[in-house]
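First the structure, in the form of structure tokens, and then the observations on it.
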Amino acid sequence: MIDDIAGLRSLLLETRTIAVVGLSANWHRPSFFAAKYMQERGYTIVPVNPAYDEILGQKCYPSLRDIPIPIDMVDVFRKPEDVLPLVDDAIAIGAKSFWMQLGVINAEAAQRAEAAGMKVVMDRCVKIEYARLFGGLNWFGVNTGVISAKRPPVPTRG
């Protein structure tokens, strides 16, 4: 499981396409805010929620297995007890990493994903980690916990 600065930074740099499971179309929901933030940073967001046809200007899919393009990361905004089947779906579509958001803690799911060769992050927010590691939180005076006299370069998306 990835739980260190170098590992998180590397994962965010190598990721291009994020399937967000449980993404809501309601602007005030954390899933919407996080996905919009990552989309604005150049990531391709693929919404996964059977309740919607489109979110953030992107076609929304009812399940991970319905997505027709390769997925780098599966980002999960679901209850911990809902996560195990999602790991199986992520394995089936060949996802490279499995990210469980803040409060989503399922050790069995993490072990299953790692055993399948996926990189795993648990109980962290992708938006917060991106901002912390690439300079987005410091505008508001938040202590990011990353001590450096020089900011890392902001990744470019090509």
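What 222 nm value per residue comes from the helices of the chain, counting each DSSP H run with n ≥ 4 as -39,500 (n - 2.57) and dividing by all residues, nearest 500 deg cm²/dmol? All intermediate terms of the calculation are to be shown ahead of the outcome.
On the way: 5 runs with 50 residues, N = 158.
Rounded to the nearest 500, it is -9500 deg cm²/dmol.
Tell me the relative contact order for the stretch 69-117 as a rounded percent, counting alpha carbon contacts under 8 Å between residues six or more apart.
Numbers: 53 pairs, mean separation 22.9, N = 49.
The value is 47 percent.
Can you sort LYS79, LYS119, LYS96 so the residue with the fewest Cβ neighbours within 10 Å comes first?
Details: LYS79 11, LYS119 21, LYS96 18.
Lowest to highest Cβ neighbour count: LYS79, LYS96, LYS119.
In vacuum, with every alpha carbon of the chain counted as one equal point scatterer, what does the Debye formula give for log10 I(q)/I(0) at q = 0.11 Å⁻¹? Two decimals, please.
Cα-only, vacuum Debye calculation for the chain: -0.40.
Using the Cα centre as the reference, give the magnitude of the dipole from point charges on the C-beta atoms of the stretch 1-135 (Lys, Arg: +1; Asp, Glu: -1; all else neutral), rounded to the nearest 20 debye. Before the final figure, lay out each step's value.
Details: 15 positive and 17 negative charges, 72 e Å.
I would put it at about 340 debye.
So what J values fall out for the stretch 43-54 if you push phi through Karplus, 6.51 cos²θ - 1.76 cosθ + 1.60 with θ = phi - 60°, rounded to Hz, Gly and Pro as x?
3J(HN,Hα) across the stretch 43-54, in whole Hz: 7, 7, 9, 10, x, 10, 6, x, 7, 10, 8, 8.
Sequence-distant or interchain residues sharing an amide H contact under 5 Å with ILE55, placed H: which?
Amide H to amide H, under 5 Å and 5 or more residues apart or across chains, ILE55 pairs with CYS60.
Any chance you could give the angle, 0 to 90 degrees and rounded to 10, that helix 83-93 forms with the longest Cα principal axis of the chain?
90 degrees
Please list, ordered by chain and number, the residues whose modelled amide H lies under 5 Å from the amide H of VAL46; skip anything fewer than 5 residues away on the same chain.
Close amide H contacts, sequence-distant or interchain: ILE18, ALA19, VAL20.
Which angle between 0 and 90 degrees, to the nearest 10, do you get for helix 30-40 versus the longest principal axis of the chain when only C-alpha atoms count?
70 degrees
Read-outs throughout are calculated quantities, based only on the coordinates presented, and are distinct from any laboratory measurement. If you're wondering where the values come from, they're calculated on a predicted model, not measured in any experiment. Neighbour counts are summed over all protein chains in view; Cβ atoms, including those assigned to glycine, are modelled from backbone coordinates with ideal geometry.
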